[in-house]
Structure formats: C-alpha cells, structure tokens
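Student: Take this structure, written in structure tokens, and hold onto it; I'll ask about it next.
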Amino acid sequence: MSNLLFVGLDVDDTAFHATIITQSTGETWYFKCRPNSSYLIKKLLEIHSNSSDFKICYESTYLGFSLCRKLRQEGFNCDVIASALIPEMAGKKVKTDKCDSQKLATLYLKEMLTVVHVPDEEDEAERDLVRSRALIRDQVVATKNRIQAILRKAGLNYRQETSKEMLWSLEYRAWLKRKIKQLELTALKQNLLLLSSSLETLEDSLKTYNLHIEQLSESEKYSKKVGALISYRGINVLTAMKVITEIGDIKRFSHPQKLMSYLGFDIREYSSGGKERKYGITKMGNKIVRTALVEANQKSSYKPVVSHAIKTRRKHVPLEFIMIADKCMHRLYRKSSKLLKREKHKNKVKVACAREMVGFIWHSLNVAS
C-alpha cells in the first residue's frame, strides 16, 4: 500500500496535465501530454510499469466518464471527482493547469475529495437520451415564444381577434398559417415561415424522442421501476424515466437522507454562538431530478383523489407500489395543508413536498430493484 502513486489529472481540449505523488516518500513528478488516453497511459507507464499501483483522479468535465472507463480497462485505479465539492484555500489567487493537477493529487492523497459514481456506458447513453429530449423541448418552447414575440410586434393578436385563450391549438395554427399568407412584407413573412418550419421539425423530433423513451421504459430493465413511480400523482412515464436514469442504482443510497443530499434537498444551516439559523435547500445536487420532483408536486395541496389518468397508469402495477404511492399522496396533502395554514409561500410548500416525496421514491425503487 505504501508504494501507491496518487495522480491528479487536469484535463482540457489542448492537453492533459498530471501531477504524481508517491505515498511513501512524497516524491513528485509533473508532466503534460496530448489530450488522448493512449498518450496518457504511455506517459504513466514510463514512470512506473505497474498500472495497479496508480490511483488517478480528475474532475467531472466535458469528458464525462469515458476517460475513467478507459483507464480502468487498462488496469488503473481511477475516480471522477465532484468539482463543486473540492476544498478551496482562502487567499490563494494563482490558478493554472499545473496548480490544479497538484491540488487534486494532494487532496486525493489526503482523502479529502468526493468521488462521483461512474455509470456504465449503457446507463450513460440512456441517461443522455432522456437529457437530449429535454433540450429539444426547451428549443420548442423558445421557438414558440419567438414566433409570439414577432406576431406582437406585427400587431397580430390571436386572442383579441378570436376571443379564444388557447395558444398553439389546431385552431391557432390554422389562424397563424392564414396570417402568414396574408402578409405583404417579404422579410416578416419569410421569417415566420422559417420559424414555423423549424417548429414543425422540432416537434417531430420531440415526438420521436418521446416514442423511444416510452419504448425504453417498457424494457425489462426499467418496466418495474417505471411502474413503481407512475403510481404517484404528478409522475408520468417521462418524469419517471428522468428520475430513474439520473439516480442510477438506488442501492448506493443506504438511507433516504443520502438521496436527498444527492438531489440538493438538504437544508442550509448556519448556526454558531448559541444562534440557530436555517435557510432554504442547498441546491447542491442533481438539478434535473430536483426540478422534476418540484414540478410533480404542483397539485400536492389538492385533495388526495385517484384521477382517471392515475388509474390508467396504475392498470398493471403491483398493489405494493400503489399502496406506497397512496400513502405518499395522503402524507403530502397533510403536509401541504399544514404549511399553507401557516401562510407559507406556495412555492416553498411545493419544494417541501418534493423533499418529502424523495423518501417514498427511495422506498419504491428499493422494492422494485
């Protein structure tokens, strides 16, 4: 164990910077190489021939986990480090790639870094599929907003002309096409035509993503877990897949509190000198799942009624998952009612209910695993 070599790796598009510290003697080496795993491995083995004696770490970056998996395949011990949880030294104003690699190696040797869970390639690809769907959805919303802004500038108002509130319905789209045909200004007409065409393409892509994700949710790997989550009020198939793919293996969280911390639902606290101060949630965690769960609790203050949509989703779900979901729904209703009576802001109530829901989701996924 005393012959271990701790390596701090700073990676970017131009070069890999590595600092190596020997555990037994404290001897240090520094080198940089091309941003390629083959060159890195060659350099490391020139310093020491036994790959199993290396313990390598690098920050979670654009490389993701590909470099880590490649190094592990070659027999190296490699970890990915949570960037936001790296200790900082007050007053240190020098930051270079070499300094960063030295800092990582030193802290890694002292076991002061937080290691990130590394998913396998299949899990990462499926998670990226769900994330890409969110990107397309955001582009659809942005394009719709842009079209609406241009129409307002041109003095075209669907609601005033038709006395109807629903935008982007079939009637609205037919009205938009008629208005575009009637326009005389060439630039304005061309702009709206191009944006409308782009919107149709994006909406078709979004439908394709939805179809692939739903097919994935029906696979043997996900069907039971998805069934456990769609039993909850506010969680559909897409939200369930988002939660499952982002969390990964639920068994790595031995307690619901650890899952809450991972999602950024811990309460911020600054208590000292006999004074206790507590604030909102830390938000130091997975933003995607945290946002999804807050959105799922938009109706947590409504009376606990099993709607037709929930009954349809629960059609082939085992009774044990339905019982957990019903218990959660009643618990969140009581909690939200209590907080609203204390005149808490409705958004804070939703976040509090989302935090409470995490414990039930942890239970459901453990039963389904």
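Student: Confirm whether Ile250 is within 22 Å of Ala296 (Cβ to Cβ), in contact with a Lys or Arg (Cβ under 8 Å, 6 or more places away or on another chain) and either of a type in the set (Val, Ile, Thr) or surrounded by fewer than 18 Cβ atoms within 10 Å (Cβ to Cβ) (or both).
Tutor: no
Student: Moving to a separate point now. With the requirement that a residue be surrounded by 11 or more Cβ atoms within 10 Å (Cβ to Cβ), over 17 Å from Glu200 (Cα atoms) and touching a helix residue (DSSP H, G or I) at 6+ places or on another chain (Cβ under 9 Å), what does the range 130-178 give you?
Tutor: Listed by number, the residues that qualify are Val130, Arg131, Ser132, Ile150, Leu151, Ala154, Leu156, Asn157, Tyr158, Thr162, Lys164, Met166.
Student: Considering only residues that are part of a loop (DSSP other than H, G, I, E, B) and surrounded by 19 or more Cβ atoms within 10 Å (Cβ to Cβ), look in the range 286-313 and name the one that is nearest to the chain's Cα centre (by Cα). Walk me through it before giving the result.
Tutor: Here is the first cut: in the range 286-313, the residues part of a loop (DSSP other than H, G, I, E, B) are 286, 297-307.
Of the ones still in play, those that are also surrounded by 19 or more Cβ atoms within 10 Å (Cβ to Cβ) are 297, 300.
Values: Asn297: 18, Ser300: 23 Å.
Among them, the one singled out is Asn297.
Student: Another one. Among Tyr232, Tyr262, which is assigned to a helix (DSSP H, G or I) and farther than 21 Å from Ile136 by Cβ? Steps first, please.
Tutor: Working: Tyr232 fails: assigned to a helix (DSSP H, G or I).
Only one candidate passes the filter, namely Tyr262.
Student: Condition test on Leu109, is it over 30 Å from Glu122 (Cβ atoms), touching a strand residue (DSSP E or B) at 6+ places or on another chain (Cβ under 9 Å) and of a type in the set (A, V, I, L, M)? Quick ask: steps written out before the conclusion?
Tutor: Working: over 30 Å from Glu122 (Cβ atoms): yes; touching a strand residue (DSSP E or B) at 6+ places or on another chain (Cβ under 9 Å): yes; of a type in the set (A, V, I, L, M): yes.
For Leu109, the condition - over 30 Å from Glu122 (Cβ atoms), touching a strand residue (DSSP E or B) at 6+ places or on another chain (Cβ under 9 Å) and of a type in the set (A, V, I, L, M) - is met.
Conditions tested, residue by residue: (1) touching a strand residue (DSSP E or B) at 6+ places or on another chain (Cβ under 8 Å); (2) under 30 Å from Thr282 (Cβ atoms).
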residue: Ile21; (1), (2): yes, no
residue: Leu40; (1), (2): yes, no
residue: Cys57; (1), (2): yes, yes
residue: Phe65; (1), (2): yes, yes
residue: Leu71; (1), (2): yes, no
residue: Lys92; (1), (2): no, yes
residue: Gln102; (1), (2): yes, yes
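Student: Please count how many residues of the range 88-124 are part of a loop (DSSP other than H, G, I, E, B), at pLDDT 90 or above and more than 28 Å from the chain's Cα centre (by Cα).
Tutor: So the count comes out to 2.
Student: So for the range 243-258 (the condition being in a helix (DSSP H, G or I), touching a Gly at 6+ places or on another chain (Cβ under 6 Å), in the same structural domain as Val317 (by TED's automatic domain parsing) and of a type outside the set (A, V, I, L, M)), does at least one residue qualify? Give the steps one after another, and end with the answer.
Tutor: Just the residues of the range 243-258 that are in a helix (DSSP H, G or I), to begin with: 243-247, 250-252, 256-258.
Add one more test, that the residue is touching a Gly at 6+ places or on another chain (Cβ under 6 Å), and what stays is 256.
Among the residues that remain, those that are also in the same structural domain as Val317 (by TED's automatic domain parsing) are: 256.
Next, only the ones that are of a type outside the set (A, V, I, L, M) stay: 256.
Scanning the range 243-258 turns up at least one residue that is in a helix (DSSP H, G or I), touching a Gly at 6+ places or on another chain (Cβ under 6 Å), in the same structural domain as Val317 (by TED's automatic domain parsing) and of a type outside the set (A, V, I, L, M).
Student: Does Lys181 satisfy being in a helix (DSSP H, G or I) and modelled with pLDDT of 95 or more? Before you say what the answer is, go through the steps one by one.
Tutor: On the way: in a helix (DSSP H, G or I): yes; modelled with pLDDT of 95 or more: no.
In short, no.
Student: Scan the range 36-68 for residues that are more than 14 Å from Ile20 (Cβ to Cβ) and part of a helix (DSSP H, G or I) and report the count.
Tutor: 8
Student: Using beta carbons and a limit of 7 Å, which pairs, at least six apart or on different chains, have the first residue in the range 129-155 and under 30 Å from Glu246 (Cα atoms) and the second one assigned to a loop (DSSP other than H, G, I, E, B) and of a type outside the set (A, V, I, L, M)?
Tutor: Lys144/Trp168
Student: OK, next. Out of Ala174, Ala154, Ala187, Ala134, which single residue is within 32 Å of the chain's Cα centre (by Cα) and not hydroxyl-bearing (Ser, Thr, Tyr)? Reasoning before the result, please.
Tutor: Numbers: Ala174 fails: within 32 Å of the chain's Cα centre (by Cα); Ala154 fails: within 32 Å of the chain's Cα centre (by Cα); Ala187 fails: within 32 Å of the chain's Cα centre (by Cα).
Step by step, each of Ala174, Ala154, Ala187, Ala134 is checked, and only Ala134 is within 32 Å of the chain's Cα centre (by Cα) and not hydroxyl-bearing (Ser, Thr, Tyr).
Student: Turning to a different aspect of this structure: Restricting attention to the range 1-14, which residues are more than 28 Å from the chain's Cα centre (by Cα) and surrounded by fewer than 20 Cβ atoms within 10 Å (Cβ to Cβ)?
Tutor: Correct list: Met1, Ser2, Asn3, Leu4.
Student: May I pose another question? Confirm whether Pro87 is touching a Gly at 6+ places or on another chain (Cβ under 9 Å) and not small (Gly, Ala, Ser). Please lay out each step first, then the result.
Tutor: Details: touching a Gly at 6+ places or on another chain (Cβ under 9 Å): no; not small (Gly, Ala, Ser): yes.
So Pro87 fails the test.
Student: Taking the range 219-265 as the search range and keeping residues that are more than 18 Å from Asp128 (Cβ to Cβ) and aromatic (Phe, Trp, Tyr), which one is nearest to the chain's Cα centre (by Cα)?
Tutor: Filtering first and then ranking leaves Tyr262.
The values are calculated or read from the model by the stated rules, or taken from the named source; none is laboratory data. Computed from a predicted model, the values in this text were never measured in an experiment. Every residue, glycine as well, gets a Cβ built from its backbone with ideal geometry; the counts of neighbours run over all protein chains shown.
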